[in-house]
Amino acid sequence: MLSLIKSKTIKLYQFISYQGLDDSDTNRDKDFTIMVNQYLFLLFVIFLFQGFVTYLLIGLEFDVFFLGITSLVIAVCSFFFKKFTKSKYFIFSVFIYLTLVVTYYASITGVESGCYIYYFSILTAIPIFFSVKKDTAFVVSIFLFVILCLYVSALNNFQLWGVEAQFSHQGLEHGFLIINLTCKLLLLGVNYFFLEEKRNDYYKALHRNILKREKIDHLNTEIKTLRELFNSEELSDDNFKDLLIAISLNDVVFLEKFQRIFPYFKKNLFDNTGVSLSASELTLCAIMKLGLTTKEISIHTNASLKAIEGRKYRLRKKLNIPSDIDFTLWFSSF
């Protein structure tokens, strides 16, 4: 039972994370797409949760309906408008929209509800999606807009539309405070997780050149493993070294060298699957044929582990390879 739940969880994670990935994108763009997919999904869950708890508290009113619509819009954008979610302008507009939503709810529910604390969740999310150095205009604009809305609301005692427009359900302020605090903590946890992921990716990029040297240290081990895998003398040490070097150059150079050593690989793969593959997909198949692990592929191709996992996931789906079949063993048969 636990293994089934784990398997389903992994498939859901892969489905959510790798939607909209394009092989023509740079590794940085692929990582950004994965991050946006995951963040939007968690944001959708949090909004849905808040809408449901609010419904239990006050019934089906406009505020509940609006939260539901907001959750639905986030889900639709996440799964059907991938090109927009990759745009920094789209992300910028989402920040502005969420700030206006917080301003509206903070004004109608009052300071007692604690709705204004969402301003700080928005501020902590800025460095997740934008680089202070490269996206200075976006960062400064969002920061100033959030601060402006916060102070304008505070100076008006969070009653921008007057006392008569305030929330009519008296006595429920404490309940709304608990809901907002809970969702705020959830958002802070999400923001902390993605900030830590971004920090880790940054340090991985700084040390990528050092990690590349590992391929030299492990070269003899890889050759030995490869010989055991193929049980053949057709691949010399020099040929294998040339292939490893070619991987880091480009697909055309690598595939040309690979084709000379394994002339029937592409034909056998097509005859077995009937699937036409792009150059980048065929390159990944060839690398898997060489028996490299995901980490080794990441080092040789100068791509992140998340990007490689995404490519392998989509390739497995395209070739219809069962999830319980080992990739390396499967490609070694061609």
To the nearest 10 square angstrom, what accessible area does residue 135 show with a 1.4 Å probe? 20 Å²
Sort 161, 330 by accessible area with a 1.4 Å probe, largest first. 161, 330
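Could you tell me the relative contact order of region 241-292? Use alpha-carbon pairs under 8 Å, at least six residues apart, and round to a whole percent. Don't skip to the answer; put the middle values down first.
Details: 21 pairs, mean separation 17.2, N = 52.
Reported as a whole number, the value is 33 percent.
The values are calculated or read from the model by the stated rules, or taken from the named source; none is laboratory data. From a predicted model like this one, the values you see are computed outputs, not experimental measurements. To get the accessible areas, we keep the full protein, side chains included, count just its heavy atoms, and leave off ligands, DNA and RNA. Shrake-Rupley method; radii C 1.70, N 1.55, O 1.52, S 1.80 Å.
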